[in-house]
Structures are given as C-alpha cells and as structure tokens.
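Peer 1: Structure in structure tokens, see below.
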Amino acid sequence: GQQVMQIPQYQHVQEGEDFTTYCNSSTTLSNIQWYKQRPGGHPVFLIQLVKSGEVKKQKRLTFQFGEAKKNSSLHITATQTTDVGTYFCAENYGGATNKLIFGTGTLLAVQP
Amino acid sequence: DTAVSQTPKYLVTQMGNDKSIKCEQNLGHDTMYWYKQDSKKFLKIMFSYNNKELIINETVPNRFSPKSPDKAHLNLHINSLELGDSAVYFCASSHPRTEQYFGPGTRLTVT
C-alpha cells in the first residue's frame, strides 16, 4: 500500500546534539504535516508545510519542504530529553477527505 | 475537557469474540478517523467519516465496521477477532484540510 519513507528509522543522540529526520515521497505532495508521538502516547500535530521550499521554525525545531514538494525534513537543534519520541511525517492528499498517509517514523532516543 | 476521547483504553479478548471501541470529540469537527498502529509503529488510516458519511474506506477486512451516530461520535465494531487485529487503535478528528487531533488510543490484545 501507500507508504512514505522516513530515514533514519532510529537515532540515538547525546543530549545537546542535533537531530534530523528526512521524509521522502515518490509523488508531488499537496502538503505535508509533522507529528510527534511520545512513548505510550498518541500522535500530536507539530506543523503543516504547504509551499514549495517552505521553511518554518518552532523554537529548536526547523521544518523544511523540498522545492519539488517531494521531500521534507525536521531538524532539532541541541536535543533535550523531552524531545524523545517518534516523529512522523504525513502526506496530506488534500481534497475533502483530508486523507493522511503517515511515514514510517523516526524514533529518537536522547541520552542525558 | 478531553478533546478526543476513546473507550476503553485497554481491551484484552479472545479470538473469535466481537468487540467495540467508542470515540467522541468535543472540538466541533465534522471529520473523524480511525487509525491502526501495529507493533512496528506503522500508523495506517482505516476509515473516515465526514458529518456521518463514510468518505475513506481503506482496504480493511469487512469484519471491521465503523458507525457514526452523529458527527461527534465514531465507533468501531470488530467481529470475529483474530490475533493479527492486536494493535493500538487511534481515533482522530479534524476540520477540512487541517491538522488532525488524536485520541489517547485503545490497546487491543487478542489472545
């Protein structure tokens, strides 16, 4: 079925190090959303990117949408233990259904 | 004050049984969804309702039947449960073309 690839699957960093996860699609995206899921929790919306080449920042988090709208990235500067969780990108197919196809996710572990 | 709530939080049952999971949202959203998250954390859309009308119906066994009595509620009934149905089921809701708000999930274990 439809799937969006994310890399890496898993990343273990020392607190204070940076972290990046990449999301790749074979098709041009209407828009892309990012979610965070803490261990044992539920996905929580972080941001939506719509425009080609768009860059958005939320404190230590930087989100980018590729120029061709086929890929996206999430970069965290100076990770903290509160950043632990799985980060998902999700392709939004747009239209009335608001259908999301979630990426495979990147699990981030942060060692204090 | 929970925005999207699900019951039960945990469900342990035997193969062959029938069970239901309930979902309610108080956000005033028109669209609600059911997702399945497997043991590898893959999150997959199953169904979506917009104002009580089914608008997304992915390739899901027909043992799964969603029901939306009104736009604030979306329930999921599963017949003849199988081992492979063990997963976390998330309900979500949204306005059109915007972010989705997820419930806390229901962990289903079929033994």
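The values are calculated or read from the model by the stated rules, or taken from the named source; none is laboratory data. A quick note: this is a predicted structure, and the numbers were derived from the prediction, not measured. Quick reminder, even Gly has a Cβ in these numbers, built from the backbone with ideal geometry, and neighbours come from all protein chains shown. These accessible areas exclude ligands, DNA and RNA; they are computed on the full protein's heavy atoms, side chains included. Shrake-Rupley method; radii C 1.70, N 1.55, O 1.52, S 1.80 Å.
Peer 1: Just for the stretch A:85-112: of the residues that are within 14 Å of chain B (Cβ to nearest Cβ), open to solvent by less than 40 Å² (accessible area, probe 1.4 Å) and of a type in the set (A, V, I, L, M), which one is farthest from B:Glu53 (Cα to Cα)?
Peer 2: In this case the residue turns out to be A:Ala109.
Peer 1: Taking the residues in the stretch A:24-41 that are open to solvent by less than 30 Å² (accessible area, probe 1.4 Å) and either in contact with a helix residue (DSSP H, G or I) (Cβ under 8 Å, 6 or more places away or on another chain) or assigned to a loop (DSSP other than H, G, I, E, B) (or both) as candidates, determine which candidate is modelled with the lowest pLDDT.
Peer 2: A:Leu29
Peer 1: Further question on the same structure: Considering A:Val55, A:Val50, A:Val4, A:Val44, which residue is over 14 Å from A:Thr106 (Cβ atoms) and either at pLDDT below 95 or in contact with an Asp or Glu (Cβ under 7 Å, 6 or more places away or on another chain) (or both)?
Peer 2: One residue alone meets the criteria, A:Val50.
Peer 1: Tally up the residues in the stretch B:69-111 that are within 8 Å of chain A (Cβ to nearest Cβ), among the aromatic types (Phe, Trp, Tyr) and open to solvent by less than 10 Å² (accessible area, probe 1.4 Å), please.
Peer 2: Qualifying residue count, the stretch B:69-111: 1.
Peer 1: Give the number of residues within the stretch B:1-53 that are more than 10 Å from chain A (Cβ to nearest Cβ), charged (D, E, K, R) and free of Cβ contacts under 8 Å to residues at least 60 places away in the same chain.
Peer 2: 7
Peer 1: Can you tell me which residue within the stretch B:54-83, out of those that are of a type outside the set (S, T, N, Q) and without any contact (Cβ under 8 Å) to a residue 12 or more places away in the chain, is nearest to B:Ser20 (Cα to Cα)?
Peer 2: Filtering first and then ranking leaves B:Lys67.
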